[in-house]
1. If you check M62 against the conditions, is it more than 10 Å from ligand 1 (Cβ to nearest atom) and within 20 Å of R87 (Cα to Cα)?
2. In the stretch 207-225, what residues are within 19 Å of L189 (Cβ to Cβ) and in contact with a Gly (Cβ under 7 Å, 6 or more places away or on another chain)?
3. Suppose we keep only residues that are among the hydrophobic types (A, V, I, L, M, F, W, C) and within 18 Å of the chain's Cα centre (by Cα) within the stretch 102-131. Which one would you say is surrounded by the fewest Cβ atoms within 10 Å (Cβ to Cβ)?
4. For H143, only one of the following conditions fails: (1) crowded, with 18+ Cβ neighbours inside 10 Å; (2) over 25 Å from C59 (Cα atoms). What is its number?
5. Test of understanding: among K181, K127, K218, K134, which residue is touching an Asp or Glu at 6+ places or on another chain (Cβ under 6 Å), in contact (Cβ under 8 Å) with a residue 12 or more places away in the chain and charged (D, E, K, R)?
6. Filter the stretch 28-58 down to the residues that are within 8 Å of ligand 1 (Cβ to nearest atom) and of a type in the set (A, V, I, L, M, F, W, C), then identify the one that is surrounded by the fewest Cβ atoms within 10 Å (Cβ to Cβ).
7. Would you mention how many residues in the stretch 12-45 are in contact (Cβ under 8 Å) with a residue 24 or more places away in the chain, over 29 Å from R198 (Cβ atoms) and not in a strand (DSSP E or B)?
8. Any residue at all in the stretch 83-93 that is surrounded by fewer than 18 Cβ atoms within 10 Å (Cβ to Cβ) and under 23 Å from D227 (Cα atoms)?
Amino acid sequence: MNRNGTLISLKDITKVYSSGKVHVTALAGVSLDIKRGELVAVIGPSGSGKSTLMNIMGCLDMPTAGSYHLDSESVAEFGIHQLASVRNQKIGFIFQNFNLLNYATAYENVEMPLIFAGKPASYRKEKIMDCLSKVGLADRADHKPTELSGGEMQRVAIARSLANDPDIVLADEPTGNLDSKSGGEIISLFEQLNSEGRSVVTITHDMSIARRWNRIVKIKDGLIESDMVLGG
Ligand SMILES: Nc1ncnc2c1ncn2[C@@H]1O[C@H](COP(=O)(O)OP(=O)(O)OP(=O)(O)O)[C@@H](O)[C@H]1O
Ligand SMILES: [Mg+2]
């Protein structure tokens, strides 16, 4: 971490999707710093570039131009193995559609990133149950996603994202497929993760969530329209 606690530093990020003669500018020059321990809501209209930005921050996609420093390291310099390792170790990513393995149990889903990280079986077992307990699902370890509610599936995805103790949790409309009660539980979980010192950045369409958090970044037409840090 650099001295002022900046975890994510984006400078003049652009992203142009090209297919044939069609070029779509999804991000038109975004500069954004996220500090350790921040709780950030990203809002903006459909098609404004929110997911594109989140995918770049999560190292799931690369910008067309601009620089991205994660924990003071230039992501552009990372090779494929280092990228995979960063995604595994530093970043927890939560998707709207959960992205769980449907043939695997909750336990096995949370185990995946631990296996990838080379953790031994005894460590994995304890860590998996820790993470499932944290999201209130220790008693569902043997359930497959089809045997869980949407809110429970998302909680398994959160448990999975926490397996390797990431510094930052990124979420792309994590409550988009959930009813308001399950969605509220997910948001409370994020607030808890944040209170433990993690940075949490989530895209949301729900202004009631955004207003509860201490920073709201508004994206419009591939640019940051406003970046408000609220009190509290
Ligand atoms: N893989 C892609 N190829 C081409 N164009 C894309 C691709 N992904 C996104 N786009 C375009 O880039 C722009 C930004 O898309 P993005 O998914 O980042 O928007 P968003 O803000 O997340 O929208 P939503 O709220 O609907 O999820 C849109 O115009 C979209 O059509
Ligand atoms: Mg999106």
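Quick note: the coordinates plus some simple rules give every number you see, no bench work behind them. Note that the structure is predicted; figures quoted are calculated from it, not measured. Reconstructed Cβ throughout: ideal geometry from the backbone, glycine too, with neighbour counts over all protein chains shown.
1. So M62 fits the description; yes.
2. Selection gives N214 alone.
3. That would be M112.
4. (1)
5. K218
6. M54
7. Going through the stretch 12-45 one residue at a time, the tally reaches 0.
8. No, the conditions are met nowhere in the stretch 83-93.
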